[in-house]
Amino acid sequence: MLVDGKIFLGVSERPEYLNLKYANRHGLITGATGTGKTVSLQVLAEGFSAAGVPVFAADIKGDLSGVSKMGQAQSWQSKRAEDIGFSDYADDVYPTIFWDLFGKQGHPVRATISEMGPVLLSRILDLNDTQEGVLNIAFRLADEEGLLLLDLKDLRALLVEIDGRAKEISARYGNVTTASIGAIQRALLVLEQQGADNFFGERALEIADLMRTDSDGRGFVSILAADQLMQAPRLYATFLLWLLSELFEELPEVGDPDKPKLVFFFDEAHLLFSDAPKALIDKVEQVVKLIRSKGVGVYFVTQNPVDIPENVLAQLSNRVQHALRAYTPREQKAVKVAADTFRPNPAFSTAEAITQLGIGEALVSVLEDKGVPSMVGRTFIRPPSAQVGPISPAERDATMANSPLGSLYDEVLDRESAFEVLNKRARDHQLEEERARIEAEEQAEAERLAKERERAAKAAAPRRSTRQSPVEAATTSFARTVANTIGRELVRGIFGSLKRRR
């Protein structure tokens, strides 16, 4: 029943296959808790890996880790294979790499602030237009002054620098206010409290390391440990958007290849959209629409199809719908929404079937030739070939020890970046101010001492007396009298001479 170019999903009134040619048209796996969603996810992940397509999947409960261990068919698996006539069924194991944003159950996943960029970061932080403008100014200033933005402390230091130079920067780029900077800092704090300080930094994840195949041509299944990540929905959304955006920017356009270059599974997808700002939802919708042409398929896994925004739901062409309960008005609406998205099958009522499906049974509709949805089929999902259920911590450690990536991502790098440069600049400025202050004090002290020396010198110099002795006074008086007498006689002589001439 295994067919080249297709993934065998199970059997309805006919074998159900997912055509690899249309697997990049995205998909959706839904159903209530305990109805078999994780098994369906594992079946798809194994099928893609066997076809040479790398897989990236968020693993909420650790159940998907079983793909890394050789399966030992349990009785229900053997019985299911026999019931559906799956004669090719055999135990198997798939190449696996474990990842963890917190670095505990896999290689750490990191990205730099620069890679995130101001636009995407603004969407995640839910900034308004003014605050987004300030963030754009921050990134522009970092480029102009050669400041690397690698982690949160770099961005925080840069915002403090901008606040201190607000007048200068406002004159160059537009108004920068303390209020806007404070709002950005508070939004960063919310993200940091969810663990973003573990995500932002180096060594940054290389997309190529998610697109590996082994020596047998099988695609590696990259499993992200997401049990702790689910406690931080904003961080989960941050990671998702960054990853999809990086793929969109780095991968070339390929249209519709014979098989995807990479497939993503995002479990508990409702966490991505619950209470998310509209700007964030719009960005997810945009990326999901465009990334198909890069050969990347995105599959959302959630309990209820109404958890997914309508504009995103419309992009998900391959559907696996497990049982839903319809006890409340919201659940009844979800059943109707799910039923209306399938191409009807005259053999049964889709809405009624959704509430009657057993464990491991699902309604399946996938794209067939020319991209037309297949008629919905009530399908018994085939059993996985690898182990069903989580592996032990020791087995996880053993898999990580044999990782093809070695310890490449395990060591934290902390290069000199904006934080260090700005702190050094602040210290140098402080030292320069201190040096100038000391020099000014020394100059003032020198001037004070010089004035004191001058006053002391004047006080110590001998004073010349202005009083005259009696002899000097008599001599001076006599000289003055003689001079006056001679002066008068000369005047008289001159006037007398003039008269005689007349």
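The values are calculated or read from the model by the stated rules, or taken from the named source; none is laboratory data. Here the structure is a predicted model, which means the values were calculated and not measured. Here the Cβ positions follow ideal geometry from the backbone for every residue, glycine too, while neighbour counts run over all protein chains shown. For accessibility, only protein heavy atoms count, side chains too; no ligands or nucleic acids. Shrake-Rupley method; radii C 1.70, N 1.55, O 1.52, S 1.80 Å.
Condition check: open to solvent by less than 70 Å² (accessible area, probe 1.4 Å), touching a helix residue (DSSP H, G or I) at 6+ places or on another chain (Cβ under 7 Å), under 25 Å from residue 112 (Cβ atoms) and among the hydrophobic types (A, V, I, L, M, F, W, C). Does residue 284 satisfy that? Step through it out loud before you land on a result.
Working: open to solvent by less than 70 Å² (accessible area, probe 1.4 Å): yes; touching a helix residue (DSSP H, G or I) at 6+ places or on another chain (Cβ under 7 Å): yes; under 25 Å from residue 112 (Cβ atoms): yes; among the hydrophobic types (A, V, I, L, M, F, W, C): yes.
When the stated conditions are applied, residue 284 passes them.
Of all residues in the stretch 105-116 being small (Gly, Ala, Ser) and open to solvent by less than 10 Å² (accessible area, probe 1.4 Å), which is nearest to residue 152 (Cα to Cα)? Give the steps one after another, and end with the answer.
To start, the set of residues in the stretch 105-116 that are small (Gly, Ala, Ser) comprises 106, 111, 114.
Going one step further and asking which of them are open to solvent by less than 10 Å² (accessible area, probe 1.4 Å), we end up with 106, 111.
Details: 106: 22, 111: 11 Å.
Here the answer is 111.
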key: Residue among 431, 449, 422, 413 that alone is within 30 Å of residue 141 (Cα to Cα), among the aliphatic types (A, V, I, L, M) and free of Cβ contacts under 8 Å to residues at least 40 places away in the same chain   = 431
ask   = Looking at (1) farther than 19 Å from residue 211 by Cα; (2) among the aromatic types (Phe, Trp, Tyr); (3) open to solvent by less than 10 Å² (accessible area, probe 1.4 Å), which is the only condition residue 17 fails?
value = (3)
ask   = If we keep just the residues of the stretch 286-329 that are free of Cβ contacts under 8 Å to residues at least 40 places away in the same chain and in a loop (DSSP other than H, G, I, E, B), which is nearest to residue 271 (Cα to Cα)?
value = 309
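Applying the selection to the stretch 252-263, what residues are within 25 Å of the chain's Cα centre (by Cα) and surrounded by fewer than 24 Cβ atoms within 10 Å (Cβ to Cβ)? Break it down stepwise before answering.
So the first thing to find is which residues in the stretch 252-263 are within 25 Å of the chain's Cα centre (by Cα), and the list is 252-253, 261-263.
Result: 252, 253, 261, 262.
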note = Within the stretch 33-77, of all residues that are open to solvent by 10 Å² or more (accessible area, probe 1.4 Å) and in contact with a Leu (Cβ under 8 Å, 6 or more places away or on another chain), the one farthest from residue 395 (Cα to Cα) is 51
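If you scan the stretch 330-345, which residues turn out to be assigned to a helix (DSSP H, G or I), more than 36 Å from the chain's Cα centre (by Cα) and buried (at least 18 other Cβ atoms within 10 Å of the Cβ)? Explain how you work it out, then say what you get.
At the first step, the residues of the stretch 330-345 found to be assigned to a helix (DSSP H, G or I) are 330-340.
Adding the requirement that they be more than 36 Å from the chain's Cα centre (by Cα) leaves 332, 336, 339-340.
Correct list: 339 only.
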ask   = Does residue 412 satisfy being over 29 Å from the mean Cα position of the chain (by Cα), open to solvent by 10 Å² or more (accessible area, probe 1.4 Å), over 23 Å from residue 317 (Cβ atoms) and of a type in the set (Val, Ile, Thr)?
value = no
message = I'd like the full set of residues that are assigned to a loop (DSSP other than H, G, I, E, B) and on the phi > 0 side of the Ramachandran plot, limited to the stretch 181-220.
response = 201, 217
task = Scan the stretch 348-375 residue by residue and report those that are more than 30 Å from residue 75 (Cβ to Cβ), among the hydrophobic types (A, V, I, L, M, F, W, C) and assigned to a loop (DSSP other than H, G, I, E, B).
result = 372
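Quick check: anything in the stretch 166-185 in contact with a Phe, Trp or Tyr (Cβ under 8 Å, 6 or more places away or on another chain), over 30 Å from residue 48 (Cα atoms) and open to solvent by less than 30 Å² (accessible area, probe 1.4 Å)?
Our first condition is that a residue be in contact with a Phe, Trp or Tyr (Cβ under 8 Å, 6 or more places away or on another chain); within the stretch 166-185, this holds for none.
Scanning the stretch 166-185, I find no residue that is in contact with a Phe, Trp or Tyr (Cβ under 8 Å, 6 or more places away or on another chain), over 30 Å from residue 48 (Cα atoms) and open to solvent by less than 30 Å² (accessible area, probe 1.4 Å), so the answer is no.
Picking from 298, 320, which residue would you name as being closer than 27 Å to residue 213 by Cβ and either charged (D, E, K, R) or open to solvent by less than 10 Å² (accessible area, probe 1.4 Å) (or both)? Explain how you work it out, then say what you get.
Numbers: 320 fails: either charged (D, E, K, R) or open to solvent by less than 10 Å² (accessible area, probe 1.4 Å) (or both).
Within the list 298, 320, the selection yields 298.
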ask   = What is the number of the single condition among (1) free of Cβ contacts under 8 Å to residues at least 60 places away in the same chain; (2) in a loop (DSSP other than H, G, I, E, B); (3) open to solvent by less than 60 Å² (accessible area, probe 1.4 Å); (4) not hydrophobic (A, V, I, L, M, F, W, C) that residue 407 does not meet?
value = (3)
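Name the one entry in 23, 81 that is closer than 27 Å to residue 347 by Cα and either out of contact with any strand residue (DSSP E or B) (no Cβ under 8 Å at 6 or more places or on another chain) or free of Cβ contacts under 8 Å to residues at least 40 places away in the same chain (or both). I'd like the intermediate steps shown before the answer.
Working: 23 fails: either out of contact with any strand residue (DSSP E or B) (no Cβ under 8 Å at 6 or more places or on another chain) or free of Cβ contacts under 8 Å to residues at least 40 places away in the same chain (or both).
Exactly one of 23, 81 is closer than 27 Å to residue 347 by Cα and either out of contact with any strand residue (DSSP E or B) (no Cβ under 8 Å at 6 or more places or on another chain) or free of Cβ contacts under 8 Å to residues at least 40 places away in the same chain (or both), namely 81.
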